[in-house]
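Since the structure comes first, as structure tokens, the remarks are kept for the end.
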Amino acid sequence: MTSAWREEMQPRLVALGVPLDFTPDTLARLEGMVAEQPRLALAVAGYLGEALMRVGGGHWEMTDGGPLVHFDPALELPPLAVLDRVTRAVAAHEEITRTVADFKARNPEWSPTKEHTPAIDPIDDSDHPQHPWLVSWLAARAEAFPQWTVDHPGPWDFTPESLDALEKLVQTLGLESEEFVEGAVWYLGEVAVRHRGARWKYYYDERPYSETGSVWDNNPFVSQPDPDGHATVPIFVLKTVVRLGEPGVLRDRFARFR
């Protein structure tokens with residue numbers, strides 16, 4: 001439940017239509033929005049929690065009663081039910097800011113630690129070089145691409161328009177052939193890399209998907225480095241193409257990259 005909440009955070013917050021700057025000014029704007037449109041409360045709670053954790057660190061927990069923010073354990077604060085604070089978001093931000101300022105005055109070497117939220121928190125590539133598996137996989141895909149285009153003729157020029165041909169090919173061939181799927185995954189991601197500044201990422205987890213419930217683990221994915229950017233896992237997009245059997249899925253997913 002918590003994994004799904006974190007993984008769906010970026011589209012949830014982007015749908016609010018406000019800058020992802022997590023500032024008090026934007027929180028004030030969201031207070032007014034949620035007062036007029038209560039249905040936005042859960043999304044605003046997500047925004048508020050992300051804003052608070054940028055000050056006090058911490059991690060999410062999704063419960064039956066709603067999302068909780070657990071601040072950096074050094075602060076020794078109780079979990080905060082952010083859904084209860086959406087109409088007083090600015091005040092909540094002021095409170096954690098004061099608490100952190102007081103704590104840092106006594107502990108100047110301390111800095112808050114926040115659990116990474118996919119596609120919301122930027123990744124510093126200088127401190128997080130590409131995973132060796134991803135380096136090897138990208139090299140293998142680039143080397144295999146010329147033969148892939150021979151085996152699967154089409155307008156493979158990495159333009160967004162070529163996604164229509166890829167979509168038709170996926171609907172025709174399905175996802176049974178590993179050779180075809182690997183090439184299609186790479187091609188789809190490369191269109192976002194070359195046209196929208198996305199970057200390839202890979203997170204390894206020895207646990208299987210059945211245990212983690214995270215689509216971001218053990219699958220190559222592409223992500224824009226800017227917090228306002230988008231991220232997607234190409235293999236799951238291709239599975240959506242097969243499942244829906246409708247045109248326009250790849251164009252729609254690509255349009256989410258800004």
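Taken together, the values in this text are just the output of simple stated rules run on the coordinates, not laboratory data. Keep in mind that what you see is a predicted model, and the values were worked out from it rather than measured. When we count neighbours, we look across all protein chains shown, and the Cβ atoms used for this are built from the backbone with ideal geometry, even at glycine.
Dipole check for the chain: with +1 at the C-beta of Lys and Arg, -1 at the C-beta of Asp and Glu, and the Cα centre as origin, the magnitude is about 540 Debye. Charging the Cβ of each Asp and Glu at -1 and of each Lys and Arg at +1, and nothing else, the dipole of the range 1-132 about its Cα centre rounds to 320 debye. Bridging of K104 to aspartates and glutamates at a Cα separation below 16 Å is possible for D72, E76, E94, E95, once same-chain residues fewer than 8 apart are set aside.
A rounded overall shape is assigned to the range 132-255, the ratio a/c of its alpha-carbon gyration tensor axes (a ≥ b ≥ c) being less than 1.5. Candidates P153, Y203, L166 compared by Cα position along the dipole of the chain: farthest toward the positive end lies L166, with charges placed on Cβ.
Computed extension length for T23-M62: 11.7 nm, one decimal, from 0.36 nm per residue of separation with the Cα-Cα distance subtracted.
In this rough spin-label picture, where each label sits 7 Å from Cα along the Cβ direction, the S177-T240 distance is 2.5 nm.
Placing dummy labels 7 Å off each Cα toward the beta-carbon, the span from S3 to D205 is 0.4 nm.
Charged side chains reduced to their Cβ positions (Lys and Arg at +1, Asp and Glu at -1) give the range 156-207 a dipole of some 340 debye around its Cα centre. Helix-only arithmetic for the chain: the sum of -39500 (n - 2.57) across DSSP H runs with n ≥ 4, divided by the residue total, places the mean residue ellipticity at 222 nm at -15500 deg cm²/dmol. Once both labels are positioned 7 Å from their Cα atoms along Cα-to-Cβ, the gap between T149 and T99 label points is 5.6 nm.
With 0.36 nm allotted per residue and the present C-alpha distance subtracted, the R12-T113 stretch has 34.0 nm of extension available. The Cβ shell under 15 Å around P38 holds other residues with a net charge of 0, Lys and Arg each +1, Asp and Glu each -1. Ordering Y202, Y47, Y187 by the number of other Cβ atoms within 10 Å of each residue's own Cβ, fewest first, gives Y202, Y187, Y47.
A35 to D228: FRET efficiency via 1/(1 + (r/R0)^6), r the Cβ-Cβ distance, R0 35 Å, to the nearest 0.05? Mind showing how you got there, number by number?
Numbers: r = 25 Å, r/R0 = 0.70.
Once rounded, the FRET efficiency stands at 0.90.
Seen against the Cα atoms of the chain and their longest principal axis, helix 234-244 is set at about 70 degrees. Think of the range 2-106 as a dipole: +1 on every Lys or Arg Cβ, -1 on every Asp or Glu Cβ, centred on the Cα centre; then among P24, P11, T87, P24 lies furthest on the positive end.
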